[in-house]
Structure formats: structure tokens, C-alpha cells
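Trainee: Quick one: the structure is below, questions incoming.
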């Protein structure tokens, strides 16, 4: 009985002070349920996040190319090389996305490592052409290394142009 | 389908190493660019991109090399434990590179704004330095220009007042002179030519005509006389008056040079009056140089001001400073009595002003004189109409 009186007094006090916020936590206390504040990240989330990062990377490189072109920077050799590098990075990202898609997200192709130097590629019926495509797509460094080389060439050209205008230290 | 894995393995490992090498070479270049101009925001942006690319290349390449090394050496289990970490870091770095790349437009716009401000600041600084270094000279120059301008304005005011007065008097005198001349000629008709009275009337007629010429000059000075403007080419006009002077004036050892601007446009002017002005100036110069000297006539076209300039310079005895402000006054002359009426320069002044132009003089005793006439080119007249 005493406890009930005390509870009433507390509720009246909270109400009197005009603080409705005190009521909300109280409601949670009255009606408890299973906590669902955090979500688990097991399963295939990692792959999806990686794939999304490839899409994001591809789009950002595409936007960079667009900006370079709209500002007529591609007329300057340095920025033109950087633009070509960005385009190759776009292609690399798309290539890597497709490889992950074929390898891990779909059951179209099955890759088995026989030993250190041989692999077996199996495709579902009607998808035989995917095997050579996958094999070539697996050589994704043939896009990303030239992309970096073009970036390097572009920066070297920007440096020599800056040297001509007396901007660099070297 | 069994295929060799060697190309994939080779490209994977070699490509991974090359990625690390080139990404760090890129950083090296950007660092040099940044050292050259640390305030350049574009180099800072490229440094971010290259650093992120290098971090991505390292994370990805190490993962790939490690994977191939562990699989070839038969440690598949060990790779399974590392793969998740390697893939996660790889994904994170890829996202970072993409995110930084998207800053390009904002960075470029800020850089453009900074460059514009820098340019404006540099220009202002250069101007300030110039003004600071040349302050005394500029003030002196401006003061001189102001004093000259004030003097010119005072002279123009004075000449305008004199002109108004002269015009009034000339108009009042012109009519009685016309009547005197008319009656004189009427009386002369009734007299024999050998008669003394005829000779007396002839003398009256001659002096009345002289008076009328002076009145006409005063009207010219006062800009009251009518002008008949037409398109004229100044070099041709100058040639004509120089030929006239060479033929009718004993030049002796006096040389007359001329130098015409090849781009000289035509002007809208009363040729007769312009000739009168030029003859006045050249004859004054002829008088100033005496028996030996040079008279130069030059014409120039000022494209910016769209006006022509005719300069008559001589190597004569020049004009004293006290007389410089009075030379355009009517009846002012330094010549002996009977040699000149003192109306030549006044009339020239009036004619040039009547053409919308200006005439000024630079002279120092012993250094000759230089009269410059400026007249609007015909192109400006066309624009006005």
C-alpha cells in the first residue's frame, strides 16, 4: 500500500513538472520486449558490401571523367592521362564486379583448383561461353595496372607543366 | 574444362607488385608538386587521391600475394582465416578512394575562387607598389597637368569673352563700313580717274577694305563666320600650302620637312579655313627661324581618341613664357608695327575651335616652338550623325 502511494506521488510529480519524457521510458519499463537494437552481419553481407564498393568506385571514376571533360581539362595532356586512368579504373571495377558475380553470387560457373597450376571451370548448360570470358576477366590487373600507369604519366606531365610555369621546387 | 592457372597467377602477383610501385611513384610526383606550391589546393587533392590509391594498392596487393603464396604453399586454412580481414580492408580502402575522388568538383571550384582572389590581390599589390614607388612623380605629373588644364581653361574663358566682345564690335562696325565702302564707290563713279578727288576716294576705299578684312578676321576669331565643311585629306592640304609657300616665300636656307601618318583618315572641315590656319602657322614659323633653320610639319592619327593631330614645329627663337598665355589674344603680336596685325593666331584659334578641335603650343626661348592642332576624325563625326 505504501509502495502504491509512493508511485502515485512520483507520477504526479513528473506530470506536474510538465516533463512527458519521464513517461516514455516508464512505458518501456511497463511493457518490456526482446531488444533488437543491433543487427547481425553474418552471411553474404560482406560480398554485397564489396560489390557495392565496386559500383561506387566505378561511378565516382565516371563522374571524375565527366568533370574533367566539362571543364575542358582533357585538352591538357596531364589531365587527359588522368582521365584515361580513371576510365581504365572504371573498366577494372566493372570487370572485378563481374568476376565476383560469376564466382560467388551466381551458380553459373564453378571454379575448382586442381593443383597449384591448373584450374577446372564448369558452367551450367547453355552458359559454356562464360568459361573463357571468366578466364580473361580474371586477369583484372590488365586494367588496374595501366590505370595507375596513366595516373603516374598524368602527374608527371602536370609536374613538367608546373616546372615550365615555375611552380615546382625541382 | 581444365585450364592453366599460370597466367592468372603471374598477372595477379606481378600486377599486385606493379600497383604498389606505381601508386608510390604517383605519391612521389604529387609530393614534388606540393613542395613546389604548398598552397595549391589541386595538388593537395591529388595527394589525397594518390595516398588513398596507394593504401588501396597495398591492402589489395598484399592480400593477393599472400593468398597466392599461402595457396601454392598448401596453407589454404591459414588463408581462410586472413581472407575476411583482407577483403574488409580492401573494401574499405576502395570506398575511401571513391569518396575522395568525388571531392574533385568542390576542390576545383574552391581552387578557381582562390586563384581569382590571388590574381586580384597580385594586381592590386603591383598597382600599390607602382604607386608607392612613383608617388612623387605621379603627384608632380598630376599637379602639372592640373595647372596646365587650369591655365588652358582660364585662357579659353578669356578668349571666349574677348571673342564675344569682338563679335559684337565687329558686327556693329561691319555695317557702317559697308555703307562707307558703298558710298565711296558711288562717289568714285562720278569722278575722273586722273582727278585728285578720285585718288582720295581710292585711298578711303583701300582703308575701308583693310578695316573690313580686320572685321572679317575678328568674326573668324569669334567663330561667327560660316564654315563650308567637306571631306578633306589633311596630307594633301598640307602639301598644297607647302607648295604655295615654297613658291611665294623666299625661303633661303630654311628647310621644310614633312612627315605624314600613312593611316591618316579624312576629316570633315572647311578646307579654305584649315589652309588659312596652316599658312598662318607656317608663316609664323618662317618668321621665327629667320634665315636659317628647319620647319617641320607632321600629321598623326590617334586611333584611341579618334582624332588627327597636325604639328608645325620650328627651330626658331621660341616664345617667352610671359607671352605664351597671350599669343592667341587678338591684336597681340611681338612683331614690329606694320609687320602683323596680331590676328593670325587668334583667327587660327577661332577656326580650330569652330571645327570642334583644339590648338596648343609648346615653346621655350631658344628652343623653337611647336604648335599642335587636334581635330576630330571623320569617323567620329559619322558616329555623331
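The values are calculated or read from the model by the stated rules, or taken from the named source; none is laboratory data. These figures come from a predicted structure and were not determined experimentally. With ideal geometry, Cβ positions are generated from the backbone for all residues, glycine too; neighbour counts draw on all protein chains shown.
Trainee: Is one or more of the residues making up region A:81-94 facing chain B (nearest Cβ under 8 Å) and more than 21 Å from the chain's Cα centre (by Cα)?
Mentor: Scanning region A:81-94, I find no residue that is facing chain B (nearest Cβ under 8 Å) and more than 21 Å from the chain's Cα centre (by Cα), so the answer is no.
Trainee: Picking from B:172, B:194, which residue would you name as being assigned to a loop (DSSP other than H, G, I, E, B) and surrounded by fewer than 13 Cβ atoms within 10 Å (Cβ to Cβ)?
Mentor: Working: B:172 fails: assigned to a loop (DSSP other than H, G, I, E, B).
After applying the criteria, what remains is B:194.
Trainee: If you don't mind, another one. Being under 27 Å from residue B:367 (Cβ atoms) and surrounded by 13 or more Cβ atoms within 10 Å (Cβ to Cβ): is that true of residue B:215 here? Before you say what the answer is, go through the steps one by one.
Mentor: On the way: under 27 Å from residue B:367 (Cβ atoms): no; surrounded by 13 or more Cβ atoms within 10 Å (Cβ to Cβ): yes.
The answer is no for residue B:215.
Trainee: With respect to residue B:209, determine if the residue is surrounded by fewer than 17 Cβ atoms within 10 Å (Cβ to Cβ), more than 26 Å from residue B:162 (Cα to Cα) and at pLDDT 85 or above. I'd like the intermediate steps shown before the answer.
Mentor: Numbers: surrounded by fewer than 17 Cβ atoms within 10 Å (Cβ to Cβ): yes; more than 26 Å from residue B:162 (Cα to Cα): no; at pLDDT 85 or above: yes.
Here the answer is no, as residue B:209 does not meet what is asked.
Trainee: Take residue B:264 and decide whether it is surrounded by 14 or more Cβ atoms within 10 Å (Cβ to Cβ), free of Cβ contacts under 8 Å to residues at least 40 places away in the same chain and either assigned by TED's automatic domain parsing to the domain that holds residue B:377 or in a helix (DSSP H, G or I) (or both).
Mentor: Working: surrounded by 14 or more Cβ atoms within 10 Å (Cβ to Cβ): yes; free of Cβ contacts under 8 Å to residues at least 40 places away in the same chain: no; either assigned by TED's automatic domain parsing to the domain that holds residue B:377 or in a helix (DSSP H, G or I) (or both): yes.
So residue B:264 fails the test.
Trainee: A further question on this structure: Does residue B:245 fit the bill of being touching a residue at least 12 places away in the same chain (Cβ under 8 Å) and either in contact with a helix residue (DSSP H, G or I) (Cβ under 8 Å, 6 or more places away or on another chain) or part of a loop (DSSP other than H, G, I, E, B) (or both)? Give the derivation first.
Mentor: Values: touching a residue at least 12 places away in the same chain (Cβ under 8 Å): yes; either in contact with a helix residue (DSSP H, G or I) (Cβ under 8 Å, 6 or more places away or on another chain) or part of a loop (DSSP other than H, G, I, E, B) (or both): yes.
Answer is yes for this residue.
Trainee: Answer yes or no as to whether residue B:183 is without any contact (Cβ under 8 Å) to a residue 40 or more places away in the chain and closer than 30 Å to residue B:165 by Cα.
Mentor: On the way: without any contact (Cβ under 8 Å) to a residue 40 or more places away in the chain: yes; closer than 30 Å to residue B:165 by Cα: yes.
So residue B:183 fits the description; yes.
Trainee: Across region B:1-37, which residue is modelled with the lowest pLDDT among those that are farther than 19 Å from residue B:62 by Cα and more than 7 Å from chain A (Cβ to nearest Cβ)?
Mentor: Taking the candidates together, the pick is B:34.
Trainee: Regarding region B:86-95, can at least one residue be identified that is assigned by TED's automatic domain parsing to the domain that holds residue B:41, closer than 30 Å to residue B:14 by Cβ and touching a strand residue (DSSP E or B) at 6+ places or on another chain (Cβ under 8 Å)? Give the derivation first.
Mentor: At the first step, the residues of region B:86-95 found to be assigned by TED's automatic domain parsing to the domain that holds residue B:41 are B:86-95.
After this cut, where a residue has to be closer than 30 Å to residue B:14 by Cβ as well, the list is B:86-95.
Within this subset, residues satisfying the condition of being touching a strand residue (DSSP E or B) at 6+ places or on another chain (Cβ under 8 Å) are none.
So far as region B:86-95 goes, no, none of its residues is assigned by TED's automatic domain parsing to the domain that holds residue B:41, closer than 30 Å to residue B:14 by Cβ and touching a strand residue (DSSP E or B) at 6+ places or on another chain (Cβ under 8 Å).
Trainee: May I pose another question? Can you pull out the residues in region B:85-109 that are in contact (Cβ under 8 Å) with a residue 40 or more places away in the chain and touching a helix residue (DSSP H, G or I) at 6+ places or on another chain (Cβ under 6 Å)?
Mentor: Taking region B:85-109 first, the residues in contact (Cβ under 8 Å) with a residue 40 or more places away in the chain are B:93, B:96-97, B:100-101, B:103-104, B:107-108.
Passing the criteria: B:93, B:96, B:97, B:100, B:101, B:104, B:107.
Trainee: Moving on to the next point. For region A:115-140, which positions are in contact (Cβ under 8 Å) with a residue 12 or more places away in the chain, facing chain B (nearest Cβ under 7 Å) and touching a helix residue (DSSP H, G or I) at 6+ places or on another chain (Cβ under 6 Å)?
Mentor: Residues satisfying the conditions are A:121, A:138.
Trainee: Quick test for you: out of B:240, B:236, pick the one residue that is over 24 Å from residue B:163 (Cβ atoms), in a helix (DSSP H, G or I) and out of contact with any helix residue (DSSP H, G or I) (no Cβ under 9 Å at 6 or more places or on another chain). Step through it out loud before you land on a result.
Mentor: On the way: B:240 fails: out of contact with any helix residue (DSSP H, G or I) (no Cβ under 9 Å at 6 or more places or on another chain).
Result of the check over B:240, B:236: B:236.
Trainee: Can you tell me how many residues in region B:45-83 are in contact with a helix residue (DSSP H, G or I) (Cβ under 7 Å, 6 or more places away or on another chain) and closer than 27 Å to residue A:58 by Cα?
Mentor: Selection size over region B:45-83: 24.
Yes or no, residue by residue, for (1) at negative phi; (2) surrounded by fewer than 18 Cβ atoms within 10 Å (Cβ to Cβ); (3) in a strand (DSSP E or B):
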position	(1), (2), (3)
B:268	yes, no, yes
B:277	yes, no, no
B:280	yes, no, no
B:284	yes, no, no
B:287	yes, yes, no
B:294	yes, yes, yes
B:297	yes, no, yes
B:300	yes, yes, yes
B:304	yes, yes, no
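Trainee: Also: Looking at the structure I just gave you, is residue B:131 out of contact with any helix residue (DSSP H, G or I) (no Cβ under 6 Å at 6 or more places or on another chain), without any contact (Cβ under 8 Å) to a residue 40 or more places away in the chain and more than 20 Å from residue A:67 (Cα to Cα)? So that I can check it myself, show each step before the final result.
Mentor: On the way: out of contact with any helix residue (DSSP H, G or I) (no Cβ under 6 Å at 6 or more places or on another chain): yes; without any contact (Cβ under 8 Å) to a residue 40 or more places away in the chain: yes; more than 20 Å from residue A:67 (Cα to Cα): yes.
Yes.
Trainee: Now for a separate question. Identify the single condition in (1) under 30 Å from residue A:104 (Cβ atoms); (2) surrounded by 14 or more Cβ atoms within 10 Å (Cβ to Cβ) that residue B:110 does not satisfy, given that it satisfies every other one.
Mentor: (1)
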